[in-house]
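Some notes on the structure that comes next.
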Amino acid sequence: MPELPEVETIVNALEREMTGENFTKIETFIDVIRYPLTLHKEPELLNSKIVTVRRRARYIIIELANLHAVVIHLGMSGSIRIVPQNEARKKHEHVLFYLSNGQTMRFDCPRRFGFIKTCSLPTAGAQPPFLHDLGVEPLSPKFTGHYFKTQTAKRRGAVKNLLMNNSIVVGVGNIYVAEAMFAAGIRPDRLGSSLTEDECKKLVAEVKKVLRQSIKAGGTTFSDYRQIDGSEGKFVRELKIYGRAGEPCLKCNTEIIKSIIGGRSSFTCHKCQK
DNA sequence: AGAGATACCTGGGAGC
DNA sequence: TGCTCCCAGGTATCTC
């Protein structure tokens, strides 16, 4: 499933392929994915130059010269491909964006957890209005151990849930939370407010590290994520704890235990993580 | 206010 | 082999 590194990989590729082009036609093949699709009825999205493709949290923002924007969220199984216009449409390619260079950008979303919103921007480079309440970017200098300590100190709940809370820090999903918490030696069910400043520092550092490693590897292919050329991400080979319930811990051989925290699968080595 | 639970959806794996 | 069942996930929304 696409987490932040995957979205980053996709955004970089879209920026390279689409900047300077424009949409000549938008076709939808389904009325509702997560929300009703309306963008095929919005002529202001057509024939205006694509100025940038950027990312905020897991949202892909395609900004047009006329200050309209297409905002795409891939949900858990969405992917985007850029292929020639004459290529046959795949079963779950629900939206086709025709580009002025003869290519199509295709939004594929088998489980329909993704969505596409459109909005107008107050100024060039501005954030879409509905993204204003998001927390800091995990790879930005704003995400520090001290910041995380401040946030956890005033809240209740398990550390894992706080790391996945989008109003604190964005784009850290279930896979990378598991990996970062293992690397930092902290149990995911620890009360967030029980973390020392040093533990927060260590955890924040490991979150950044695991995200950077994954970006370098082209993202994690787990079930159906693909890069825009259809190739697989390679980070899945490097997962040390996620999905390894019942298997021995790679550091100490203790059996990895699966539990449910915040309604999501969690993986813990009770010897290495305190 | 904030935290927890739930709905959304379907491919794929497990089990029979 | 083929069927059924259940699980995976991020976000919005509801409830407490």
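Equivalent-ellipsoid semi-axes for region A:4-131 (Cα gyration tensor, √(5λ), whole Å, largest first): 19, 17, 15. Computed from Cα positions, the angle between helix A:4-18 and the longest principal axis of chain A comes to roughly 20 degrees.
Across region A:55-64, computed HN-Hα scalar couplings (Karplus, 6.51 cos²θ - 1.76 cosθ + 1.60, θ = phi - 60°) run 10, 9, 6, 9, 8, 9, 10, 9, 9, 9 Hz from first to last residue, x flagging Gly and Pro. Taking a straight Cα-Cα cut-off under 16 Å and skipping sequence neighbours fewer than 8 places away in the same chain, the lysines within cross-link reach of residue A:202 are A:142, A:149, A:160, A:274. Counting only alpha carbon atoms, the long axis of helix A:174-184 and the longest principal axis of chain A meet at about 40°. With neighbour counts taken as other beta-carbon atoms within 10 Å, the residues A:142, A:201 rank, fewest first, as A:142, A:201. For A:18, A:76, the sequence from fewest to most other C-beta atoms within 10 Å is A:76, A:18.
Note that chain A, at 10 °C in a medium of 1.306 mPa s, gets a Stokes-Einstein diffusion coefficient of 81 µm²/s from its Kirkwood radius over C-alpha pairs. Mean residue ellipticity, 222 nm, helices only, chain A: the sum of -39500 (n - 2.57) across DSSP H runs of n ≥ 4, divided by residue count and rounded to 500, is -7000 deg cm²/dmol. What the phi angles of region A:113-125 give under the Karplus curve with 6.51, -1.76 and 1.60, with θ = phi - 60°, is a coupling list of 8, x, 7, 10, 10, 10, 7, 9, 9, x, 9, 4, x Hz, glycine and proline written as x. Once C-alpha pairs closer than 8 Å and six or more residues apart are averaged by separation and normalised to the residue number of chain A, the relative contact order reads 18 percent. Taking other Cβ atoms within 10 Å as a rough exposure proxy, A:140, A:193 sort from fewest to most as A:140, A:193.
In straight-distance terms, cross-link reach from residue A:49 covers every one of the aspartates and glutamates whose alpha-carbon lies under 16 Å from its own, apart from those fewer than eight places away in the same chain; here that gives A:15, A:17, A:21, A:63.
Rule-based calculations on the coordinates, nothing more; no lab input. Not measured: the values here are computed from a predicted model. Cβ atoms come from the backbone with ideal geometry, glycine included; neighbour counts cover every protein chain shown.
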